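Worksheet: one structure, shown below.
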Amino acid sequence: GQNIDQPTEMTATEGAIVQINCTYQTSGFNGLFWYQQHAGEAPTFLSYNVLDGLEEKGRFSSFLSRSKGYSYLLLKELQMKDSASYLCAVRDFSGGYNKLIFGAGTRLAVHP
Amino acid sequence: EAGVAQSPRYKIIEKRQSVAFWCNPISGHATLYWYQQILGQGPKLLIQFQNNGVVDDSQLPKDRFSAERLKGVDSTLKIQPAKLEDSAVYLCASSFGGSTHNEQFFGPGTRLTVL
């Protein structure tokens, strides 16, 4: 089966660093995405990993370990506008086509 | 470049009524997706189209939900009759297929409330 786990909620202070973890189980792994979703808005693409290692993009970085079924999203120099839900999504190819499976999301609250 | 368009943005209906949502993907995007997102959960795929053909509708409750993409561009999702548990945000997304990541671009969603 397919399963994606991430913490439900996290809080952090403005200017700090936060790491949001995601573990997954899937039979046809074909990449992992992180999306940001502000309350009442659509998800927006943040990062993509398909090979092991770290991908850095400004204040955001994402890490993948395929052997461990593990990823994290690292947010540096937190700003109030980073308060949002962060969705981990695995692309699965086990059905012969690409399908995106989302976790429930981690609600991040950044406070002054 | 225009994003994914959806309408209406909000809809309130009573149970057993019918409702339809419309989506216009980003121009040139062959793949179109409909997701259901219940409050506090991640999006759940209902149906995926490649041009005007269905790729995956395994999680679509076919006794009450239907979707079409007749000309391979815009799409409609219908619920008939609606149940209380259908209250959710219905997100439409599209992807190009030829890009490196093939990431999905989401529309603003339709928030459905069933009373």
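Could you work out how far the C-alpha centroid of the range B:50-69 sits from that of the range A:40-77, in angstrom?
Using only Cα atoms to place each centre, the spacing works out to 30 Å.
Take every DSSP beta bridge with both residues inside the protein assembly as shown and express the antiparallel ones as a percent of the total, to the nearest 5. All intermediate terms of the calculation are to be shown ahead of the outcome.
Working: 72 of 81 bridges.
Among the beta bridges of the protein assembly as shown, antiparallel pairing accounts for roughly 90 percent.
Excluding same-chain residues fewer than 8 positions from residue B:71, which lysines have a Cα within less than 30 Å of its Cα?
A:99, B:11, B:44, B:62, B:83
For the protein assembly as shown, what is Rg from Cα atoms divided by 2.2 N^0.38 Å, rounded to two decimals?
So the protein assembly as shown has a normalised radius of gyration of 1.02.
Under a 1.4 angstrom probe, counting protein chains only, how are A:20, B:12, B:38 ranked by accessible area, largest first?
Listed by decreasing accessible area, they come as B:12, B:38, A:20.
Mean separation of Cα pairs under 8 Å and 6+ residues apart, divided by the residue count of chain A: what relative contact order is that in percent?
36 percent
Can you compute log10 of I(q)/I(0) for the range B:50-103 with the Debye formula, treating each Cα as one identical point scatterer, at q = 0.18, 0.24 Å⁻¹?
Listed by q, the Debye log ratios stand at -0.74, -1.12.
Choose one of B:93, B:22, B:34: the residue whose Cα lies farthest towards the positive end of the charge dipole of chain B (beta-carbon charges +1 Lys, Arg; -1 Asp, Glu; about the Cα centre).
B:22
Under unit Cβ charges (Lys, Arg +1; Asp, Glu -1), what dipole magnitude, rounded to 20 debye, does the protein assembly as shown have relative to its Cα centre?
Magnitude of the dipole: close to 500 debye.
Could you state the principal axis extents of the C-alpha atoms in the range B:12-115, from the largest down, to the nearest angstrom?
Per principal axis, max minus min of the Cα coordinates gives 42, 29, 22 Å.
Need the list of aspartates and glutamates near residue B:15 for cross-linking: C-alpha distance under 13 angstrom, and skip anything on the same chain fewer than eight residues off.
Result set, ordered by chain and number: B:85, B:86.
Sequence neighbours fewer than 8 away in the same chain don't count; with that in mind, list the aspartates and glutamates whose C-alpha is under 14 Å from residue A:76.
Candidates past the 8-residue exclusion: A:14, A:55, A:56.
Can you work out the PRE-style zone for residue B:71? Point 7 Å along Cα to Cβ, and I want the residues of the range B:1-43 with backbone N under 13 Å.
It comes to B:24-25, nothing else.
Pairs of alpha-carbon atoms within less than 8 angstrom and 6+ residues apart define the contacts here; what relative contact order does the range B:1-113 have, in percent?
Taking the mean separation of contacting Cα pairs over the length of the range B:1-113, I get 36 percent.
Among the GluC sites (Glu not before Pro) in the range A:1-53, which ones are in a DSSP loop with at most 14 other Cβ atoms within 10 Å of the Cβ? Mind listing them?
On the way: sites: A:9, A:14, A:41; in loops: A:14, A:41.
Counting only loop positions with at most 14 other Cβ atoms within 10 Å, the GluC sites (Glu not before Pro) in the range A:1-53 are A:14, A:41.
Test of the criteria: in the range B:1-68, which GluC sites (Glu not before Pro) are in a DSSP loop and have at most 14 other Cβ atoms within 10 angstrom of their Cβ?
When the GluC sites (Glu not before Pro) of the range B:1-68 are filtered for loop state and at most 14 Cβ neighbours within 10 Å, B:1, B:14 remain.
Going toward the positive end of the dipole of chain A, with +1 on Lys and Arg Cβ and -1 on Asp and Glu Cβ, which of A:42, A:98, A:23 do you reach last?
The residue sitting most towards the positive pole is A:98.
Residue A:107's amide H: which non-local residues (gap 5+, or another chain) put their own amide H closer than 5 Å, with H modeled 1.01 Å from N in plane and none for Pro or chain starts?
Sorted by chain and number, the residues that satisfy this are A:9, A:10, A:86.
For the range A:55-101, state which trypsin sites (Lys or Arg not before Pro) are in a DSSP loop and have at most 11 other beta carbons lying within 10 Å of their beta carbon. Let's see the in-between values first.
Values: sites: A:57, A:59, A:66, A:68, A:76, A:81, A:91, A:99; in loops: A:59, A:66, A:68, A:76.
The qualifying sites are A:68.
Residue separation times 0.36 nm, minus the C-alpha to C-alpha distance between residue A:52 and residue A:66: what's the value? It would help to have the intermediate numbers written out before the result.
On the way: separation 14, 0.36 × 14 = 5.04 nm, distance 0.62 nm.
So the chain would gain 4.4 nm between residue A:52 and residue A:66.
Can you list, largest first and rounded to whole Å, the semi-axes you get for the range A:29-112 by taking the square root of 5 times each eigenvalue of its Cα gyration tensor?
24, 16, 9
The values are calculated or read from the model by the stated rules, or taken from the named source; none is laboratory data. As the structure is a computational prediction, the values presented were derived from the model and not from experiment. Cβ coordinates were reconstructed from backbone atoms using ideal geometry, including for glycine residues, and neighbour counts include every protein chain displayed. With ligands, DNA and RNA removed, areas are computed over all heavy atoms of the protein, side chains included. Shrake-Rupley method; radii C 1.70, N 1.55, O 1.52, S 1.80 Å.
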